[in-house]
Amino acid sequence: MKWAIYLVLAVLVAGGWMYHLKPDSAIAPLQEKIAHAEASGESEELEKIDKWRADIKGKEDEKTFTGILLAFLSAGLVGVVVVMEVLPAVAHRFTHAVYDSAEEVEVDVMHDARSKVAQGDYHGAIEAFRTAAAADPMNRLPWVEIAKIQRENLDDPMGAIQTFRTALESQEWELNDAAYLLFRLAELYDEDAKDRMTAASILNQVMEQFPNTRHSANARHRLHEWGLI
């Protein structure tokens, strides 16, 4: 439907340009009258020359205005098509080119893992999430999901602690990811293992590794709540 609208608008604009580019049939007769009056020298016709010239100028100004208006309409139509159709199509193709591989991991592996969770196959889900972690090493989500299953579904908080430790030791994480994993690890030690001192040690590690960041401030705030600083 929208392409039909674009086509109608394009036809109207093209028709406008065709009409605009045609010579104005009213100007030539006026020019002939002026030439004849000047040649004849008759006073009655000479008095009309100024009016005829004004008429010619008015028609030329009208033609100029019409040309400007058509130029704006043409530019507007092209702009609408580019913004509404061309740019989104280019962006869509670019996005697919950049993220196709990541999307395949999400669809093929993460979806499979979540399906196993929904089916109650928690051990199978953990293996699927481990596969996802191997396929996308910089994605912390598979590790978080594994720890969540161990803690909430398998009643194995110590296994969840080991999962976070394995994740942290497996590679060099980005700042936000590393801080997130450390905070979750501290939370498990404090709430499940009832080992606040180890949790505090982990928060101190956050403060040392990421000074002058919101993560350091959050760690300090938590330690202050615990009365340890």
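Coordinate-derived values only; no laboratory data. Quantities reported herein were computed from a predicted structural model and do not represent experimental measurements. We place every Cβ from the backbone using ideal geometry, glycine too, and count neighbours over all the protein chains shown.
General observations
- The mean sequence separation of alpha-carbon pairs under 8 Å and at least six residues apart, normalised by the residue count of the stretch 139-225, gives a relative contact order of 19 percent.
- Under Karplus coefficients 6.51, -1.76 and 1.60, residue-wise ³J(HN,Hα) of the stretch 166-171 in Hz, glycine/proline x: 4, 4, 5, 8, 6, 6
- Modelled FRET efficiency - R0 45 Å, Val11 with Ile49, Cβ distances, 0.05 increments: 0.65
- Along the stretch 144-157 the Karplus relation, 6.51 cos²θ - 1.76 cosθ + 1.60 evaluated at θ = phi - 60°, assigns HN-Hα couplings of 5, 5, 4, 4, 5, 4, 4, 6, 8, 9, 9, 6, 10, x Hz to successive residues, with x for each Gly and Pro.
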